[in-house]
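Notes for the one structure printed next.
The values are calculated or read from the model by the stated rules, or taken from the named source; none is laboratory data. Note that this is a predicted model, so its numbers are computed, not measured. Positions of Cβ are generated from backbone atoms using ideal geometry, with glycine treated the same way; all protein chains shown enter the neighbour counts. Please note that ligands, DNA and RNA were not included when accessible areas were found on the heavy atoms of the full protein model with its side chains. Shrake-Rupley method; radii C 1.70, N 1.55, O 1.52, S 1.80 Å.
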Amino acid sequence: MWKEYAKSDSRYMQGGTGNFAPVLAQEASTVFVVGPLCWLTIYAMWTRRSAVRELSQLAASVMHMQSVLLYFGAELLAREPSCRPEPQYFYMYFVGANLPWLVVPLVLATSSVTRMRAQMAIARAAEKTHTL
């Protein structure tokens, strides 16, 4: 799979040199931080621990979005672009393969924030009724 994607983005063929170092750092943080957060989110959903689920889902989503924005930004700011300019490679691979990693986390982060705000409003209302 990496070989196919590398046809679009040459940073994946460079090994540990050049523009690949930031990509490698991103991929490592995804594997060692975001991955476990996603598993924690699944566990919290399974065990119905809403607070843990919302916080871990929000954290994982924000980290995914940050990673994708860094990935796109590094390419846009690079002196020598790593992506092939042909529409098939640029739009289908570079944009199309990475866009879900921006859109889905945005939807999940928005969902988490909405649910947390609703729960905080309920908690505030309950606190007001208990103090009266």
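I'd like the full set of residues that are in contact (Cβ under 8 Å) with a residue 24 or more places away in the chain and of a type in the set (S, T, N, Q), limited to the stretch 112-132.
Selection gives 112, 119.
Among the residues of the stretch 75-86, the one identified as part of a helix (DSSP H, G or I) and either buried (at least 18 other Cβ atoms within 10 Å of the Cβ) or touching a helix residue (DSSP H, G or I) at 6+ places or on another chain (Cβ under 9 Å) (or both) is 75. Among residues of the stretch 64-93 that are farther than 30 Å from residue 36 by Cα and without any contact (Cβ under 8 Å) to a residue 24 or more places away in the chain, those with a Cβ under 7 angstrom from a residue that is in a helix (DSSP H, G or I) and open to solvent by less than 30 Å² (accessible area, probe 1.4 Å), sequence gap 6+ or separate chain, pair up as 81/75. Of the residues 20, 72, the single one that is more than 24 Å from residue 120 (Cβ to Cβ), open to solvent by less than 60 Å² (accessible area, probe 1.4 Å), of a type in the set (Phe, Trp, Tyr) and modelled with pLDDT of 85 or more is 72. Residue check: residue 89 meets all listed conditions (1) modelled with pLDDT of 85 or more; (2) open to solvent by less than 70 Å² (accessible area, probe 1.4 Å); (3) assigned to a helix (DSSP H, G or I) but one, namely (1).
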